[in-house]
Amino acid sequence: MFETLSDRLTSVFSSLRSKGRLSEADINATAREIRIALLEADVALPVVKDFIAHVKERATGAEVSQALNPAQQVVKIVNEELIEILGGETRRIRFAKTPPTVVMLAGLQGAGKTTLAGKLARWLKGEGHTPLLVAADLQRPNAVQQLQVVGERAGVPVFAPEPGSGVGDPVAVARRSIEQARHAQHDVVIIDTAGRLGVDAEMMQQAVDIRDAVSPDEILFVVDAMVGQDAVNTAQAFMDGVGFDGVALTKLDGDARGGAALSVRHITGRPIMFASTGEKLEDFDLFHPDRMAGRILDMGDILTLIEQAEKAFDAEQAAKMTTKFASGEDFTLEDFLEQMMMIRKLGPIGNLLGMLPGMGQVRDQVSQIDDKDLDRVAAIIRSMTPYERANPKAINGSRRARIAAGSGTTVGEVGSLVTRFFEAQKMMRQMAGGMGLPGMPGGRRKAAKGKNAKTKKGKQRSGDPRKRAAAAKGAGDGQPTPDALPQGLPPGLGGGLPGGLPGQLPPGFQMPDLGKLQTRKKK
Amino acid sequence: MEPVILLIIALAVLAVVVGGLLLLRPGRRTTRPPAPPPPSQPTGEGSTAVLEREAAPTLERAPPAPPAEPVAPPKPEIEVPPPSAGRLVRLRARLARSQNALGRTLLVLLSRDTLDDEAWEEIEDTLIGADIGVTVSREITEALRTRVQVLGARTPAQVRGLLREELLKQVSDGFAEDTDRGLRTAPHGTRPAVVMVVGVNGTGKTTTCGKLARVLVGDGRSVVLGAADTFRAAAADQLETWGARVGAQVVRKDEGADPASVAFDAVKRGVDGKVDTVIVDTAGRLHTKTGLMDELGKVKRVVEKQAAVDEVLLVLDATTGQNGMQQARVFAEVVNVTGIVLTKLDGTAKGGIVIAVQRELGVPVKLVGLGEGPDDLAPFEAEAFVDAIIGD
């Protein structure tokens, strides 16, 4: 159920790896897997069919590159194709020559129109506009109040002449709002309409009437990222009914893969303009097609993971950890506990692991892990004295028994935690050394800043580059690295995480995606 | 630079945790009870199961001819909603409205002379199109295929009948229509029954609470609504509007108040006022937000200090795709969901994801929402649902 596309493709290709060119049989074999992957990501069926036909065409006869195995090659094509469709045409809001610019929001019930209206208003305000929110959702009980509160939070005036909850004519409200905007010198008008179903002819006519009354410059179709196969029907119904110029995708902060984005884009050809990624008004951004593509393919969304981490992690603590790490100090159980608690804040651990690429092989086990297990580990550490936390080596048999009794676990569990901790500590020490390798430009920069990094740097840079390249390549071939991105594995990382935990960790722990990460940081 | 280091540290931490768990699992697993509760027993707690037998389900299953007419509704203040029985008739009409495309496709497929591989694949696609999911769709198609071959069914009507049976089996397997799908909303002696409504944002929780209150008032119950959605702007107002329509009390606090305290007060009001049922509306939350999910767990724990929570209803939106499974899994883990409400079935979406959810979590769909009207809430009926998927 949780297999990623890369995992599936790898199994398909395991017998055909030596071929130099993608044959038709190979492509047909992969097409089925791609189909399932896309369907599980909620891409609508007709869109999947078109898409696969397109990928097949492109993949036929494509030369297999030296760096990528066939599975990666196909994933690469699919990924590029996805990015192309999703991001083919991105554009900003078209502002009217003579203000006010009118933006109208439409969508199903519960898609998040009212919240999005507030976010859009806040964003526009930040861009130096003076928006006006218009409460034209007079259907749902107290939608008007909700918009008023949202407007207040965003610091944007709300035009709400009617009480709502079934009272008043939304068309008239919309018409009058334009007058009001001219009068009060607002240059953008955002009209929040009631949620409606595509099949509800009466409500759709109302939307058309509002549209005709205000002739909006932009009609945004608001759709939530969790929507399934119905995205096509709904998008088509709105396209035919009221028409729209752009799409806003909401609730992207969940773990839905968001195939709807592709469906809507493909069916209507309208660009996805905005992405809403949280409950707060500032969680709003322009749409990033490349991340969405990775997400739909479930390729492990490292970038999002890092962003979440940045949000959740305490800046001060993070800085402390960074210095500690760079200076090669020992990582104590105390630090470990701190980090673990931070990780907990990021969300359910299963989801987190799911975001890491290459977890496919251990997915079954991973799906059994829940946050209670983290709590159990925390309980063990909390049952230790400060002295023991700083010097885990001192934990002998009797201490172990005490800790086990204190945390309600067994002596074996305590013992294995400590052993694993030593392994991780060793691994991290090695990685701290690895930061000086030329393969990791980011690391080098940091190391140059650090005081004691000089000696390490000089010593380790003299390594044989061919050897490193070979190691990286070996890693790339031997395992299903899901990031079948053009750059493959960044050199120097293949050996970056020496087998600290042999046999237990998926190859994905060798962090294949750091190359991408650094490109982002350079921007 | 920092993110790289943080990531490395994070990975190391995860490595320790995961490595250990994988190592320790086998031994510990054995001591744990099997993860999914047996479907015949919706709640893990024995006490509620006992109570269930004493208290008859409020919402009649509404068979074609209702055996017992519910008690004639006494006059509450404002409106007298129609009783819950007989709603299925309207459900059928609603469902039939927009679902024909799918049924037509199937009909065309099944009326072919020979069912070749392509036709089977298209049948599978049709099921996938109803959000049933790839795995389940494939299983159903395979089973159907075998049966068609064994029975030598030839006519489209026969094949269609078999498909309907297969689907019905998937939807209703493991649940007794009458006992498992009914809502436990009858008071226990002096204590009110407590119903909690949970779900992600925008699925229709508040609306469901309002409609449910109406149904209960229509059946002659007294209801208190707890507006524990203190996060979304004007959510409490929305619930108050619903409450006012049927004359149910609403307990609310300021925006940003602790939802657990609102829920506590609502139940307290219910206990003091000898009310039959307390419905607690909670804020929508994405299942990925650990903090918010913890908060939800707290709401339930706090309520349980006064009265047992009889029902935890997870509201799923029919348009939700495969992510619905994920949502259900997390919510079930945090608050032990006892039933599912499938809303927005009046659109073109079919909500097929509930099949997978029912199967994996053993939690039955209990109610369906069919539109924005105040009485558009009906008990779930497997047959009507299946008919809607394959079309009449």
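The values are calculated or read from the model by the stated rules, or taken from the named source; none is laboratory data. Note that the structure is a prediction, hence the values are computed from the model and not measured. Cβ placement follows ideal geometry from the backbone for every residue including glycine, while neighbour counts extend to all protein chains displayed. Keep in mind that these areas ignore ligands, DNA and RNA; they rest on the heavy atoms of the full protein, side chains included. Shrake-Rupley method; radii C 1.70, N 1.55, O 1.52, S 1.80 Å.
Work out the FRET efficiency for A:ASP50 and A:ASN396 from their Cβ-Cβ distance, taking R0 = 60 Å, and round it to the nearest 0.05. Once the sixth-power term is evaluated, E becomes 0.35.
Solvent-accessible surface of protein heavy atoms, probed at 1.4 angstrom with all chains present, puts A:ASP245, A:ASP230 in the order A:ASP245, A:ASP230, largest first. Within the range B:271-392, all pairs of alpha-carbon atoms sorted by distance into 10 Å bins from zero give the percentages 12, 41, 33, 12, 2. Projected over every direction and averaged, the convex hull enclosing the alpha-carbon atoms of the range B:193-337 yields 7.8 nm². Counting only protein chain heavy atoms and rolling a 1.4 Å probe, the accessible areas of A:GLU33, B:GLU118, A:GLU218 rank, largest first, as B:GLU118, A:GLU33, A:GLU218.
One equal scatterer on each Cα of the range A:101-287, no solvent, Debye formula: the resulting log10 I(q)/I(0) at q = 0.12, 0.13 Å⁻¹ is -0.50, -0.59. A loss of 50 Å² or more of accessible area (1.4 Å probe, protein heavy atoms, ligands and nucleic acids excluded) relative to the isolated chain is seen in these residues of the range B:271-309: B:LEU286, B:THR288, B:THR290.
If the chain linking A:GLU282 and A:ALA319 were pulled fully straight, counting 0.36 nm for each residue of separation and taking away their Cα-Cα distance, it would gain 10.8 nm. Between A:GLN185 and A:GLN205, the modelled labels are 4.2 nm apart [label points 7 Å from Cα along Cα→Cβ].
The range B:217-294 and the range B:348-392 have Cα centres separated by 25 Å. Protein-only accessible surface at a 1.4 angstrom probe places the residues A:ASP240, A:ASP192, B:ASP265 in the order A:ASP240, B:ASP265, A:ASP192, largest first. Pairs spanning more than 30 Å between alpha-carbon atoms, out of A:LYS345/B:LYS274; A:LYS49/A:LYS345; A:LYS97/A:LYS125; B:LYS169/B:LYS300; A:LYS280/B:LYS305; A:LYS119/A:LYS320: A:LYS345/B:LYS274; A:LYS49/A:LYS345; B:LYS169/B:LYS300; A:LYS280/B:LYS305; A:LYS119/A:LYS320. Express the carbon and sulfur contribution to the solvent-accessible surface of the range A:101-287 as a percent, rounded to the nearest whole number, probe 1.4 angstrom. That fraction is 44 percent.
Computed with a 1.4 angstrom probe on protein heavy atoms, the B-A interface buries about 7600 square angstrom of accessible area in total.
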